[in-house]
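One structure is given below, encoded as structure tokens.
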Amino acid sequence: GYSWVNESLVDTANRGIPAFYTPIGNDTRETKGFANQESPEFKRKIRWKIPLLLQVLKHDYNVLYIDSDVILFKNPISDLQSRNGYDMMAQKDGSIACTGFMYIVSNNRSIELFSLATELVMTKALRDQMAVHEAWKQKPIPRLLLPIESYPSGQDYFNTYQFYWDMRSSIAVIWIIP
């Protein structure tokens, strides 16, 4: 019989959603629950995000990656796909790309960038966001830091609005700062 993972993949595929299962590092087996952002357990969990994104890119899929603390007010896909000429689009976190909300086009440039970011996150113990930033400085690809008017961080959003119904219609997504 199938394991629950295989059953889930079959169900997903039957609904027409491309999916594949790939095992990630064996140091995540005991990391099933909540982990504080500064804990070693959290760092073990997040370091596998970049290699996983790389595997998906290598399978020729574009990726919309969204952390679980991001809130979508509307579907951002059509807006992101209308912004031509970029290999990566991401929310701003200060002056760098936020790896909690990224749209990445699968091509040789983005695969090279995420290959280097994977190397940095695995060998230099950099966190995912700094690994992507450092990789981009070494292998710059066309990227767009999304406008905060449509893709504000949680801090930017709540400095302007108190409630979700106060928002302007152009806002697609916000990132909640833990």
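The order of LYS139, LYS45, LYS58 by accessible area, most exposed first and with a 1.4 Å probe, is LYS58, LYS139, LYS45.
Each of ILE71 and ASN84 was given a label point 7 Å from its Cα along the Cα-to-Cβ line. The distance between the two points is 3.5 nm. For a 21 Å ceiling on Cα separation, which of these pairs sit above it: LYS49/LYS74; LYS58/LYS92; LYS58/LYS124; LYS92/LYS124; LYS45/LYS124? Those over the limit are LYS49/LYS74; LYS58/LYS92; LYS58/LYS124; LYS92/LYS124.
Each peptide in 73-79, 36-42 gets a packing score, the mean of other Cβ atoms within 10 Å over its residues, and the list from highest to lowest is 73-79, 36-42. Dividing the mean sequence gap of close Cα pairs (under 8 Å, 6+ apart) by how many residues the range 60-103 holds gives a relative contact order of 52 percent.
Counting only protein heavy atoms and a probe of 1.4 Å, the accessible surface of the range 75-139 is 48% carbon and sulfur.
The values are calculated or read from the model by the stated rules, or taken from the named source; none is laboratory data. Quantities reported herein were computed from a predicted structural model and do not represent experimental measurements. Quick reminder, even Gly has a Cβ in these numbers, built from the backbone with ideal geometry, and neighbours come from all protein chains shown. Just so you know, the surface numbers come from the protein's heavy atoms only, side chains and all, with ligands and any DNA or RNA stripped out. Shrake-Rupley method; radii C 1.70, N 1.55, O 1.52, S 1.80 Å.
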